[in-house]
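Okay, structure first, notes after.
The values are calculated or read from the model by the stated rules, or taken from the named source; none is laboratory data. For clarity, every value in this text was computed on a predicted model and none was experimentally measured. Backbone-built Cβ (ideal geometry, glycine too); neighbour counts: all protein chains shown. Only protein heavy atoms, including side chains, enter the accessible area calculation; ligands, DNA and RNA are left aside. Shrake-Rupley method; radii C 1.70, N 1.55, O 1.52, S 1.80 Å.
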Amino acid sequence: MDVRIDSSWKQRLQGEFDKPYFVSLADYVRQEYASQTVYPPARLIFNAFDQCPFDKVKVVILGQDPYHEPGQAHGLSFSVQQGVQFPPSLQNIFKEIRAELNVEPYNDGDLERWARQGVLLLNATLSVRAHQAGSHQNRGWEAFTDAAIHALACEREHIVFMLWGSYAQKKGAFIDHNRHLVLESAHPSPLSAYRGFFGNHHFSLANDYLLLHGMTAIDWR
């Protein structure tokens, strides 16, 4: 099966594309895009990988589902397209960056600026039906994104994994803490941000770790 995805990722994930689960997933997703309103736009399903090649990844931020309202999702976890109002979780992420780093984030929610610096903004599920959160879960995307995380965790060293909330923490439970920095806290959603996301210092801890291992820090604005 020919999947259009950044060549560095295609090389690592080629084995997934021919597995029965992915063939079935691809058929399902194709039918969904043909018959329903689905986000993100089809050309942006693999945007997280395209914006952040395998060898450039320095930080991984795991999300769960793409946003499911018009104009929001563009294939990067927590990010929205330029000009779109910030969803609550993204508002809280920027609030923590302000408090922690004493910098003012840019006035748009398009996090491609992070991706270009080496932040893989990966959702566990890469598509969703309009207005129906979780509608493409348990169709195979989770196995595919697990394979991507495994490839990073096993082939690379000194990556920062930010695991916000129990879902992300379960998905990243296998990561070797001696080989990578694994940062865990509550999720930035309004339901849980005050139970440990605010004040987690993940952005400064990530940069300290990157600098310690000879890499450039991320400009989190």
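Which angle between 0 and 90 degrees, to the nearest 10, do you get for helix 141-155 versus the longest principal axis of the chain when only C-alpha atoms count? With both axes taken from Cα atoms, the answer is about 50 degrees. Please list, in order, the residues from segment 56-74 whose amide nitrogen is less than 17 Å from a point placed 7 Å along the Cα→Cβ vector of residue 8. Taking a point 7 Å out along Cα→Cβ of residue 8, the residues of segment 56-74 whose backbone N falls under 17 Å are 56-61. Using a probe radius of 1.4 angstrom, the carbon and sulfur fraction of the accessible surface of segment 172-221 is 56%. Once the chain from residue 147 to residue 37 is taken as fully extended at 0.36 nm per residue, the excess over their C-alpha distance is 36.9 nm. Modelled this way, with points 7 Å down the Cα-to-C-beta line, the labels at residue 108 and residue 170 are 3.6 nm from one another. Cβ-Cβ distance of residue 213 and residue 82, R₀ of 41 Å, FRET efficiency by 1/(1 + (r/R0)^6): the value works out to about 0.80. Just the protein heavy atoms count here, and of the accessible area of segment 39-106 at 1.4 Å, carbon and sulfur take up 49 percent.
The angle between the Cα long axis of helix 88-101 and the main principal axis of the chain comes to about 30°, on a 0 to 90 degree scale. A Förster radius of 30 Å combined with the Cβ-Cβ distance from residue 156 to residue 98 puts the calculated FRET efficiency at roughly 0.50. Looking at segment 138-221, the accessible area is 48 square angstrom per residue; that uses a 1.4 Å probe and ignores ligands, DNA and RNA. Taking the C-alpha atoms only, the angle from helix 20-35 to the longest principal axis of the chain is near 80 degrees. Structural descriptor for the chain: relative contact order 23 percent, calculated from alpha carbon pairs under 8 angstrom and at least 6 residues apart.
When both bridge partners sit in the chain, DSSP labels roughly 20% of those beta bridges antiparallel.
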